[in-house]
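Okay, so here's the structure we're looking at.
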Amino acid sequence: MAKKLPQLGRPTPIPASPEKAVLDRVPNPHADTDYVARFSFPEFTVMCPVTGQPDFATLVIDYAPRRFLVESKSLKLYLNSFRNHAGFHEECTVAIGKKLSALLKPKWLRIGGYFHPRGGMPIDVFWQVGKLPAGVWVPDQGISTYRARG
């Protein structure tokens, strides 16, 4: 019998912090096939640990799964749990990538954190782990370098 997912199919509040958030995984129905799944999260928010001001970003997560996929509702709740978390761009982006990698043990995973400028300078953070399987198509993450990104 499949593991019951505690968040799927029922109202679930946004976790108070990333540490309290639970990421769920589901079996990959195509574990015998190399492919890439992408999650784009254009409303990521985290608090600056120095000023307390919000920082906004678009996160793009690409991964080539093995046995498991991340359950999307749990990922959405986890990413939203950063709203009141104090963390630098680099800390949050890399921590998200590492947590997903530990949960899924993918063949390959990359995360791009494209932060909106504050104080006149955007900070973009990139992290990856593993090796992309040969012949797998991965499009550009589609976020332009800063030119007012509009």
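Coordinate-derived values only; no laboratory data. Worth saying up front: this structure is predicted, and the values here are computed from it rather than measured. Cβ sites come from the backbone with ideal geometry, for glycine too, and all protein chains shown count toward neighbours.
Quick notes on this structure:
- Measuring how big the range 54-131 is from its alpha-carbon positions, Rg and Dmax come out at 12.9, 43 Å.
- Ratio of Rg to Rh for the chain: 0.98 [Cα atoms; Kirkwood radius as inverse mean 1/r over pairs].
- Folded to 0 to 90 degrees: helix 89-104 orientation relative to the chain principal axis, Cα: 10 degrees
- Where a label projected 7 Å from the Cα of Ala86 along Cα→Cβ would reach, residues of the range 33-66 with amide N under 16 Å: 46-55
- Counting other Cβ atoms within 10 Å as a rough exposure proxy, the listed residues Met121, Met47 run Met121, Met47 from fewest neighbours to most.
- In whole angstrom, the range 1-73 maps to an equivalent ellipsoid with semi-axes of 28, 18, 9, each derived as √(5λ) from the alpha carbon gyration tensor and ordered largest first.
- Lysine pair count for the chain with Cα-Cα distance under 17 Å and sequence separation of 8 or more or different chains is 14.
- FRET efficiency, Arg118 to Val94 (Cβ-Cβ, R0 22 Å, nearest 0.05): 0.65
- Spin-label model, Lys105 to Lys20: label points 7 Å out along the Cα-to-beta-carbon direction sit 3.1 nm apart.
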